[in-house]
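What follows is a set of notes on a single structure, which appears directly below.
What follows draws every value from the coordinates through simple rules; no lab data is involved. Everything numeric in this text was worked out from a predicted model, so none of it was measured. When we count neighbours, we look across all protein chains shown, and the Cβ atoms used for this are built from the backbone with ideal geometry, even at glycine.
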Amino acid sequence: MQRLDTAQQLRAWRAEASGNVGLVPTMGNLHAGHLALVAAARARCKRVVVSIFVNPLQFGPNEDLDSYPRTLDADLQALEQAGADAVFAPAVEQMYPHGGTTATTVRVEGITDMLCGSRRPGHFEGVATVVTKLLNLVDPDEAFFGEKDFQQLAVIRRLVADLCMQVDIVGVPTVREADGLALSSRNQYLQADERKRAPALAAALADCRARLSEGERDFVALEARGRAMIDAAGLKTDYFEIRSPELTAPRADMKAFRVLAAAFLGRARLIDNMAVEPAPGQ
Ligand code: PAF
């Protein structure tokens, strides 16, 4: 596995890479969820490059940029074992050479006005900007993102379509702990008692998914029930929303939905979502 620290090294690697190339963008501190992205890329692409970059642009002023877990040595070992061909791990100055700033950003309108976008101003602009830069640097055939960040995945699909980028965006299903908690680097912020309560988020989503599958369509009541379940477990709901799979407002005649939620628990803000698929034959 080759370690690439500069844009120049990355471009040289890309120029030599034969066959289709898969990019797995990450912020490091890799867990089984990230490794599922690498496995998906490995299964579909001849060459796989993983980026590790904690992107300052996507953190708000009061968020966890400084304390975000950075575990490069362990990440490199895990990626070697997972069969990545190259790791791009740039310093901030490599990605933002003008004193850590950028005059140009990418803003995806509409889809970023809700859910995490309305709660974390500037977050998706930071994500869209760094992902655009990574896609420009690597020029991959396919790029892999987790469905746990479902709104992020939708934002990236939209930016790629709007900017006529020639890359397939592949969504990879969420990896969960045995008790349902979605894997996230931020789970490490949880104290032992908080960790026990954290699966309430996934449980509330699963409850809502089951009710929608059974035909319940009182969205206001279902969302209130979801929030109550989460709050009753000692988390503080940020949002609990039923949407269409494209994240538009749900309608009673729809068969497929996405249920999305975010909640605060101790130092962590947890997010998760689940799909409601139409029953076979519907
Ligand atoms: O999902 C993440 O880890 C980040 O938002 C991403 C896509 C690597 C951009 O920094």
(message) Per 0.36 nm of contour for each residue apart, how much would the distance between residue 62 and residue 139 grow if the chain were fully extended, relative to their Cα-Cα spacing?
(response) 24.4 nm
(request) Can you figure out the FRET efficiency of residue 248 with residue 31, using R₀ = 45 Å and their beta-carbon distance, to the nearest 0.05? (result) 0.90
(request) Run down the aspartates and glutamates and flag those whose C-alpha is under 13 Å from the C-alpha of residue 236, throwing out any fewer than 8 positions away in its chain. (result) 194
(request) Based on other C-beta atoms within 10 Å, arrange 157, 251 from fewest to most. (result) 251, 157
(message) Relative contact order of segment 62-166, please, whole-number percent, based on alpha carbon pairs below 8 angstrom and at least 6 residues apart.
(response) 21 percent
(message) If you average the C-alpha positions of segment 17-94 and of segment 224-282 separately, how far apart do those two centres end up, in angstrom?
(response) 28 Å
(message) Using a 10 Å cut-off around each Cβ, can you sort 264, 145, 53 from fewest to most neighbouring Cβ atoms?
(response) 264, 53, 145
(request) With a point put 7 Å past each Cα toward its Cβ, work out how far residue 107 is from residue 1 in nm, to one decimal. (result) 3.8 nm
(request) Under 1.5 on a/c is rounded, so check that first for segment 152-246, then, if it is not, pick prolate when a/b is larger than b/c and oblate when it is not; a ≥ b ≥ c are the square roots of the alpha carbon gyration tensor eigenvalues. (result) oblate
(request) Apply 1/(1 + (r/R0)^6) to the Cβ-Cβ distance of residue 186 and residue 216, taking R0 = 35 Å, and write down the FRET efficiency to the nearest 0.05. (result) 0.65
(request) List the GluC sites (Glu not before Pro) within segment 82-183 that fall in a DSSP loop (any state other than H, G, I, E or B) and whose Cβ has at most 16 other Cβ atoms within 10 Å. (result) 109, 177
(request) Rounded to the nearest Å, what's the spacing between the alpha carbon centres of segment 140-177 and segment 197-223? Just the number, please. (result) 25 Å
(request) Determine the relative contact order of segment 1-120: mean sequence separation of Cα pairs under 8 Å and six or more apart, normalised by residue count, in whole percent. (result) 33 percent
(message) Rounded to the nearest 5, what % of DSSP beta bridges with both residues in the chain are antiparallel?
(response) 50 percent
(request) Please give the helix 219-232 orientation as an angle from the longest Cα principal axis of the chain, in degrees from 0 to 90, rounded to the nearest 10. (result) 80 degrees
(message) At a threshold of 8 angstrom on Cα-Cα distance, excluding pairs fewer than six apart, so keeping six or more, what relative contact order does the chain reach in percent?
(response) 17 percent
(message) Along the Cα→Cβ direction, 7 angstrom out, place labels at residue 231 and residue 166. What is the inter-label distance in nm?
(response) 5.2 nm
(request) Kindly put 185, 18, 51 in sequence by how many other C-beta atoms sit within 10 Å of each C-beta, fewest to most. (result) 18, 185, 51
(message) Using 0.36 nm times the number of residues separating residue 73 and residue 275, minus their current alpha carbon distance, what extension gain do you get?
(response) 69.2 nm
